[in-house]
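Novice: The following block contains the structure, expressed as structure tokens.
No value in this document is a laboratory result; all are computed from the given coordinates. This is a predicted model, so every value here is computed, not measured. Cβ coordinates were reconstructed from backbone atoms using ideal geometry, including for glycine residues, and neighbour counts include every protein chain displayed.
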Ligand code: C2O
Ligand code: CU
């Protein structure tokens, strides 16, 4: 199916996923985007495993020890594979779920092209959780109209004390997830509509599709850096800092000179790794000197957002695994080095990754027997 089936498990489950490649010539892998699996299960060709060739298989096995919304996708020639449907939602529900209705909504151009909105009957008063997943290369604007709501989780991490809002635009970075919760309003209220980029995608207990107006597009945006409420954790004494400058420069990529997407002046696979040592607090300063936005995704870790353009994050402590550094912006984030391995880190606009914007996050003393190049093309 396109996309792949939703994989839904319960916190505490051991997940075993058997990946079989029937006929994808360039090979496939399964990466569990945002879920901090042990390094060997991260599913990145040329970093944590070899690409699975046609006729081959690979078994992933890990403990789903935290609830949240995630997704999975191939990480071999991913800029082609994901675009063509090799992805799906991955949901870890809590043992005591807090919602009676729980729906994951993966958004991707592939899915947005078909026109009809899904309709679902939800009884008034039911507690609803929508898991918005951006599986695409660019940010998407989500709207939930017809009821006030709270943004309960961001990238699978809880928001502390999320205030109730309504009619706000949720701009979701490529690769990111937002969990929106609300109580289903009375039947007379006309239903709740979920829109993506101004188009209604899902109607909960509303009038028939034809009668539904399009969802509004010009709503004020909710800023996750100023949402929720809790004291920011005391600043950590950082054990090291890394500066990551994103840019466009002419570099040789895949043996061709081209206008590459560079990291610190180099293009993958020639970007020096971000080196960390287990137990360290690492400050990453990400500077985007380009005119496009770059949704950055470190594997195996969430980072705590410290500031954007010098303005400290002021809401709930904000842990993200996919954060969109817009043109000209500078983000400071903190990474706790608590999941040893050799990891990928890259821009999740995958056509940017394939043109250079990718690097390794490398724990000192750890190395990988797998290498990019040859049959392995994670980007
Ligand atoms: Cu969605 Cu490198 O991952
Ligand atoms: Cu990018």
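Novice: Taking 4 °C and 1.567 mPa s as the conditions, I'd like the Stokes-Einstein D for segment 250-302 in µm²/s, using the Kirkwood hydrodynamic radius from alpha carbon pairs.
Specialist: Numbers: Rh = 13.3 Å.
So the translational diffusion coefficient is about 97 µm²/s.
Novice: Same structure, new question: When you take every Cα atom in the chain, what is the radius of gyration, and what is Dmax, the widest Cα pair distance, in Å?
Specialist: Answer for the chain, Rg first and Dmax second: 20.3, 62 Å.
Novice: With the Cα gyration tensor of segment 61-202 in hand, give its eigenvalues times 5 under a square root as the equivalent ellipsoid semi-axes, listed largest first in whole angstrom.
Specialist: Details: eigenvalues 122, 73, 36 Å².
Semi-axis lengths for segment 61-202 are 25, 19, 13 Å.
Novice: Then there is this: Placing one identical point scatterer on every Cα of segment 121-185 and ignoring solvent, what is log10 I(q)/I(0) from the Debye formula at q = 0.16, 0.27 Å⁻¹?
Specialist: So the normalised log intensities work out to -0.53, -1.23.
Novice: With the cut-off at 1.5 for a/c, could you classify segment 92-143 from its C-alpha gyration tensor as rounded, prolate or oblate? Provide the component values of the computation, followed by the final result.
Specialist: Values: a/c = 2.80, a/b = 1.58, b/c = 1.77.
It comes out oblate by the Cα gyration axes.
Novice: Now, a different point. In 10 Å bins starting at zero, report the fraction of Cα pairs in segment 1-125 per bin as a rounded %.
Specialist: 12, 40, 32, 14, 2
Novice: At 222 nm, what helix-only mean residue ellipticity would the chain give, in deg cm²/dmol to the nearest 500, using -39500 (n - 2.57) for each DSSP H run of four or more? Numbers along the way, then the final one.
Specialist: Working: 3 runs with 12 residues, N = 379.
Theoretical 222 nm ellipticity from helices: -500 deg cm²/dmol.
Novice: Still on this structure: Is the shape of segment 121-269 rounded, prolate or oblate, going by the alpha carbon gyration tensor and its root eigenvalues a ≥ b ≥ c, with a/c under 1.5 for rounded and a/b larger than b/c for prolate? Could the numbers behind the result be given before it?
Specialist: Working: a/c = 3.36, a/b = 1.68, b/c = 2.00.
It comes out oblate by the Cα gyration axes.
Novice: A further question on this structure: Name the residue, out of 140, 33, 242, whose mean-square fluctuation peaks in a Gaussian network model built on the chain with Cα pairs under 10 Å.
Specialist: Top of the fluctuation ranking is 242.
Novice: Could you grab the Rg to Rh ratio for segment 238-379? Cα atoms only, Kirkwood for Rh. Kindly include the intermediate steps, with their values, before the conclusion.
Specialist: Details: Rg = 14.7 Å, Rh = 15.4 Å.
Checking Rg against Rh, the ratio lands at 0.96.
Novice: Which ordering of 71, 319, 343 is given by a fewest-first count of other beta-carbon atoms within 10 Å?
Specialist: Values: 71 30, 319 21, 343 26.
In increasing order of surrounding Cβ atoms, one gets 319, 343, 71.
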